[in-house]
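Okay, structure first, notes after.
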Amino acid sequence: MRDAHDTGGATFSIVTITYNAGDPLQRTLDSVLRQTYKNIGHIIVDGASTDSTMQRVESYVRKNGETATGHTVTVRSEPDKGIYDAMNKGLAMADGDYVCFLNAGDSLPDCGTIAAIARAARLGDRPREEWPGVIYGDTDIVDRGGRFLHKRFLRPPKDLSWRSFANGMVVCHQAFYARTDLCKGIGYNLKYRFSADVDWCIRVMREAEVRHLQLFDAGETLACYMKEGQTTAHHKQSLAERFAIMAHHYGLLRTILMHVKFLARLNKP
């Protein structure tokens, strides 16, 4: 498997948000630690945890320093105003060519995931200005122990655009790698408590269209998403926010019609 030098030196910032999530966080840390790709910066933003989280992070930093890949690790632990405030902090700290959010409990499928992303997008074969605005892929749903449950119900289309999200969040946030120079000025909207990631992805893709940058399907599973996340725990509030976000971007009438079609499918015998 080729290393970073074979892919044009493309760098990746992986941002992990955590708060009192010691056990599931370990799987996330281990999945980044084992990546064979060299040019990875791991940014961990902790909300001043009071459990074992920071002890696990400190152990991870030591182990990372002992590995051949030697990824860089940056840690920030302090109180925040919620998960999207923490994500904005992580985004501000990101300095890789691409940034992705892999939160506590979520993980990369195997040791070659990041290398596969760089290879599939041919980052070493073309000038940086031609690199895709977003690289995306499929997602596996796993339980709290990291065991595979099923493929994500909404699957990524081959030809993604910001309009695709009118049919729902067809690409999982954790499988969405955005060019950092594209999304640096696009923060998460803190008026949304549970679905600001949907709004953020749409705005990033809209900006990519303005800049005539490709949205590239890596054709692989890029993330394992833990089912018991914050959105799952606040399902009704999340759905209400998603409706408001879709109405804002796609219009109220279209959003209502899409939800009517969705309910019809659910009630179909």
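The values are calculated or read from the model by the stated rules, or taken from the named source; none is laboratory data. Note that the structure is predicted; figures quoted are calculated from it, not measured. Cβ placement follows ideal geometry from the backbone for every residue including glycine, while neighbour counts extend to all protein chains displayed. Surface accessibility is based on the protein's heavy atoms, side chains included, excluding ligands, DNA and RNA. Shrake-Rupley method; radii C 1.70, N 1.55, O 1.52, S 1.80 Å.
General observations
- Screening the candidates ALA92, ALA116 for the property of being of a type outside the set (S, T, N, Q) and surrounded by fewer than 17 Cβ atoms within 10 Å (Cβ to Cβ) yields one hit, ALA92.
- Segments classed as helices (runs of 4 or more DSSP H), wholly inside segment 151-269, with at least 1 members that are loosely packed, with under 15 Cβ neighbours inside 10 Å, modelled with pLDDT under 90 and out of contact with any helix residue (DSSP H, G or I) (no Cβ under 8 Å at 6 or more places or on another chain): 230-233, 235-250, 252-267
- Residues in segment 162-195 that are small (Gly, Ala, Ser) and more than 19 Å from ARG211 (Cβ to Cβ): ALA166, GLY168, ALA175, SER195.
- Considering residues of segment 57-87 that are buried (at least 21 other Cβ atoms within 10 Å of the Cβ) and not β-branched (Val, Ile, Thr) only, the residue nearest to GLY146 (Cα to Cα): TYR60
- Complete set of residues in segment 124-141 that are surrounded by 13 or more Cβ atoms within 10 Å (Cβ to Cβ) and at pLDDT below 95: GLY124
- Restricting ASP46, ASP106, ASP97 to residues that are open to solvent by 20 Å² or more (accessible area, probe 1.4 Å) and of a type in the set (D, E, K, R) narrows the list to ASP97.
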